[in-house]
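Note sheet for the following structure.
Every number here is computed from the coordinates shown, using simple stated rules; none is lab data. What you see is a predicted model, and the numbers here were worked out from it, not measured in a lab. Here Cβ is always computed from backbone atoms with ideal geometry, including for glycine, and neighbour counts include all displayed protein chains.
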Amino acid sequence: MSRLIITNGDSAAQRIAELGIADIVLPWRDVLHEGPVLPCDNLCEQSVGRVAFIAGFADMSQADVARDFAQRDDVFLQAAGEQGTRIELWFEHDLYDQLQLMQILDVMYRQFPTKDVYLVQADFYLAEMTNEDFEELPQQAVKIALSQKEYGAKAWHAFCAPNPNMIGDFLTQEAILPFVYKALQRLLREYPDAETGLPLSVSYALSLLCEKETAKIKDMFLHMQKCEEAKFMGDLSFAHLVDSLIATSEPVLCGTEKPLSKLADCEYMSFFEQTVKLTSLGHKIMDGQASNLDVNPEQRWIGGAQLSCDNMYVFERKGNKIIHVVR
């Protein structure tokens, strides 16, 4: 029997490959908490829908992104349809990984419900594990029950829905997969806060500038990660978030020589070396005297929900829920 291991990215895939335990190691390269993820009839259709966004987000050609997605989907779907291939899903506990797990479980539940699939669920980061701990992971594989596949599929359906209250409804169910449950709870905090108008990740990052007047962007990134119970955001996602606070008519941050959009590929890491500080507006937001949404309306996608001036959802901390704001 051949063995396919699917994991979150190239770093983990390389470590797994070095163990020599799988015929194929497949990195699931998609930052699903960024950009539109619309409900679709099948995985290939959903992948096609991601191409334009990922190409722009990662500064890649659409042809290259489309080819990568198609190759990934072909390997996965062929293995899922073969009785002689064992599939293992190796994922961490954070939002980035759990969204990928949900997407895969949705496919397994809808198209291959009787196919055995196994989960190696790490509550620590695969790339940071000691060699000794990492080499013990193959013995921790557990067969995923049909009820768990269904739970993952329902979670994915809620994530892709245009109304984020579907996620809130989903979270009233029993947490059959606890890390999926926690991941979606964290996702809701990436909606603009009802008071500050900021996603939680941005609030974490800006809190460093409440402690010190200036800071390098890379230090804000590290500070944000330390604040997270389960860090999930990569440096590229963070760079786009910070850039949105600078390259706007009412900046929250100032001090950079160039916004991210003006930097060439070879200059990308220099973005993080720049020093920034809060503007007057930034100080007011962090002091609870202003909302970023009043001057910089959110224009982004979270799963299947599009946030815009005319369709705004915010997270209400007091009620621990998403509310629709009519402006």
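Quick one: L253, L208, fewest Cβ neighbours within 10 Å first, how do they rank?
Numbers: L253 25, L208 19.
Taking fewest neighbouring Cβ atoms as first place, the list is L208, L253.
DSSP beta bridges in the chain, what fraction antiparallel, as a percent rounded to 5? Can you show the working numbers first?
Values: 16 of 34 bridges.
About 45 percent, rounded to the nearest 5.
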Send over the per residue convex hull volume for the range 200-297, Cα only, as a whole number of Å³. 95 Å³
How tilted is helix 43-58 with respect to the longest principal axis of the chain? Cα atoms for both, answer in degrees (0 to 90, nearest 10). 40 degrees
When DSSP assigns beta bridges and you keep just the ones with both residues in the range 2-188, what percent turn out antiparallel, to the nearest 5? 10 percent
Under 5 Å between amide hydrogens, which residues at least 5 positions from V325 or on another chain qualify, with H placed 1.01 Å from N in the peptide plane? M312, Y313, V314
Sum -39500 (n - 2.57) across every DSSP H segment of at least 4 residues in the chain, then divide by the residue count to get the 222 nm mean residue ellipticity, nearest 500. -13500 deg cm²/dmol
In nm, give the distance between the simple-model label positions of L19 and D74, each being 7 Å from the Cα along the Cα-to-Cβ direction. 2.8 nm
Computed label-point distance, nm, for sites A175 and D59 using a 7 Å Cα→Cβ extension: 3.9 nm
Go through 281-293, 210-222, 150-162, 124-136 and give me the packing order, highest mean Cβ count within 10 Å leading. 150-162, 281-293, 210-222, 124-136
If I fit a long axis through the Cα atoms of helix 146-160 and take the longest principal axis of the Cα atoms of the chain, what angle between them do I get, 0 to 90°, rounded to 10? 30 degrees
Considering only DSSP states other than H, G, I, E and B, which chymotrypsin sites (Phe, Trp or Tyr not before Pro) in the range 224-307 qualify as loop sites with at most 14 other Cβ atoms within 10 Å? none
Rounded to the nearest 10 degrees, the helix 95-111 long axis (Cα) sits at an angle to the longest Cα principal axis of the chain of 40 degrees
Largest first, please: the extent of the C-alpha atoms of the range 2-188 along each principal axis, to the nearest Å. 43, 42, 34
At 1.567 mPa s and 4 °C, plugging the Kirkwood radius over alpha-carbon pairs of the chain into Stokes-Einstein gives what diffusion coefficient in µm²/s? 62 µm²/s
